[in-house]
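Only the coordinates and a few stated rules stand behind these numbers; no lab work does. It should be emphasised that the depicted structure is a prediction, and the values quoted were computed from it without experimental measurement. FYI the Cβ positions are ideal-geometry reconstructions off the backbone, even for glycines, and counts take in every protein chain you see.
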Amino acid sequence: MPKPVLSVLFIAIWAAAAVQPPPQPARAGNASLVVRDVTLIDGTGAVPRPHASLVVRDGRVAAVVPAGQEPPADLVVDGRDLYAIPGLIDAHVHLSGGPWTSAADALRRTLAGGVTAVYDLAGDDRETGDLARAVLAGEIEGPSVYYAALMAGPPFFSDPRVLASSLGFEPGTAPWAQAVTPETDLVRAVAAARGTGATAIKLYAALDAALVRRIADEAHRQGLRLVAHATVFPAKPSDLVAAGVDMLAHAAYLVWEGSAPSPDYTRRAFGDFAHVPADSPAIERLLESMRDRGVALDPTLWVFAEGQKPDEATALRTPWMNAVTRCASDLGVTIAAGTDDMFDESRDRLPLLHRELETEVAGAGLTPMQALVSATRGAAHAMGLDAVRGTLEPGKVADLVLLDASPVDDIRNTRRIRVVVKDGRIVGGVRPRGRR
């Protein structure tokens, strides 16, 4: 058989065998669990519901009933004076790049810190996929791992990060890190990306509007979502929205909707913040288009404001990205909280998502409830997981966190973790009261 045919056949078999994270828990929890008489904050944005009881069967929320009306259960947790929220979701992490054991340990600690699902937006999908598999198989404790494969124009593939994440392949040829041009066979390229187990494609840089649209069409045809930096040079934010991207990452990059075009994607964090107000007509039209087309915004506020050394644009960029995030939220754009990292013990003993939520409130002026929704329903929506995660409603996976104080009163209370439940199974926190 000629070599090109063999290559196409291999890609087709690989794509068909792709291991997509299943919508059901990999491991059933307790046969039945009741969290009795808790104040329920269900992740939808609804007013907290006191004296509610959560009924969990086979890893799913079976019912929410008034306290005192619970059925018998194998395990009952006393929720008096506690607050139940959905498990938190970090919609922007990067897992690969270090020792596998370090990543596994970070996942374990991230889960203990209340994060029950993460979205890896580019890296070495060999390692990321194996971590996702290990969590699903119960070999390691961690949040559910969903991940993307990367596509960009050829100029990007001199970046040392992408070279490190695709060792063993010529730059731009790894199935999870592909250089694309107008001549690329996108059916084959997207199939190769899907074959890695990715649930999305991430667009990074050096792509024009026409090629972005073609990638988006093929990705969606093959059942993958599309995530992008909020500008990918020369395609600007409105080009990405018009093409059908599902989520834009980094609120600061939205400034390029009104900034003078630049061919230099390495300047992406250095737009014209001084002359493009966050509430300018161009930005408002962009945000309205995002809302109308269901495009989520992953702001990554903390990493730009405090998670890296200040640079020449920090003083202007930080208030700008805070303001545009507030404008987006006010206009009804879905906000999906992400950290662009996940965990850094030198900065915090808890996952960095808690800092991101605090920045959404203290910096961008979101309410604590809006911030909480950004890391629950909002993140799940951005990832295409609305049907299974993000809220505590019947039929959803039973991922939840019990807190000692209400995060609606103070978003910093997401840190006051008493119990973490993943797939209906207690996996972390202080020993709960009333177990039997």
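Could you please rank Thr128, Thr367, Thr39, placing first whichever residue has the fewest other Cβ atoms within 10 Å of its Cβ?
Thr367, Thr39, Thr128
Which peptide among 198-206, 65-73, 389-397 comes first, and what is the full order, when sorted by highest mean count of other Cβ atoms within 10 Å?
198-206, 389-397, 65-73
So what's the projected area for the chain, the Cα convex hull averaged over all directions, in nm²? Write out the running numbers ahead of the final one.
Values: hull surface 81.0 nm².
Orientation-averaged projected area of the Cα hull: 20.2 nm².
Please list, in order along the range 378-385, the HN-Hα scalar couplings obtained from phi with the Karplus expression 6.51 cos²θ - 1.76 cosθ + 1.60 (θ = phi - 60°), rounded to whole Hz, x for Gly and Pro.
Coupling constants for the range 378-385: x, 5, 4, 5, 4, 8, x, 10 Hz.
Would you mind ranking Glu288, Glu183, Glu141 so that the residue whose beta carbon has the fewest other beta carbons within 10 Å leads the list?
In order of increasing Cβ crowding within 10 Å: Glu183, Glu288, Glu141.
How would you rank Leu248, Leu224, going from fewest to most other Cβ atoms within 10 Å of each one's own Cβ?
Ascending Cβ contact count within 10 Å gives the list Leu224, Leu248.
Can you give me the distance in nm between label points at Asp279 and Thr173, each placed 7 Å from the Cα along the Cα-to-Cβ direction?
Computed distance between label sites Asp279 and Thr173 equals 5.4 nm.
Of the listed peptides 253-264, 346-357, what is their order by residue-averaged count of other C-beta atoms within 10 Å, with the highest listed first?
Per-residue Cβ counts within 10 Å, averaged per peptide and sorted highest first, yield 346-357, 253-264.
Sorting check: for 186-197, 269-280, 373-384, which peptide has the highest mean count of neighbouring beta carbons within 10 Å, and how do the rest follow?
Order by mean packing, descending: 373-384, 186-197, 269-280.
Using amide H atoms built 1.01 Å from N in the peptide plane, name the residues 5+ places from Ala296, or on other chains, whose amide H lies under 5 Å from its own.
Distant-sequence amide H within range of Ala296: Met247, Leu248.
Please report the spacing between the Cα centers of the range 380-428 and the range 282-349 in Å, no decimals.
So the separation of the two Cα centres works out to 22 Å.
If I model a spin label at Asp409 and Thr184 as a point 7 Å from the Cα along the Cα→Cβ vector, what separation in nanometres do I get?
Label at Asp409, label at Thr184, 5.1 nm between them.
Under DSSP H, which helices of the chain have Cα atoms covering 15 Å or more of the helix axis and a Kyte-Doolittle average no less than -1.0?
Once both thresholds are applied, what remains is 3-16, 100-112, 125-137, 209-221, 281-293, 314-331.
Set the Förster distance to 41 Å, then compute FRET efficiency between Ala46 and Asp264 from the Cβ-Cβ distance, nearest 0.05.
The pair Ala46/Asp264 has a calculated efficiency of 0.35.
In debye, nearest 20: dipole of the chain around its Cα centre with unit charges on the Cβ of K, R (+) and D, E (-)?
The calculated dipole for the chain is roughly 1060 debye.
To check you understand DSSP bridge types, tell me what percent of the beta bridges within the chain (both residues inside) are antiparallel, rounded to 5. Kindly include the intermediate steps, with their values, before the conclusion.
Values: 27 of 61 bridges.
Once the DSSP bridges in the chain are tallied, antiparallel ones form about 45 percent.
What is the distance in Å between the Cα centres of the range 56-117 and the range 154-210?
Using only Cα atoms to place each centre, the spacing works out to 33 Å.
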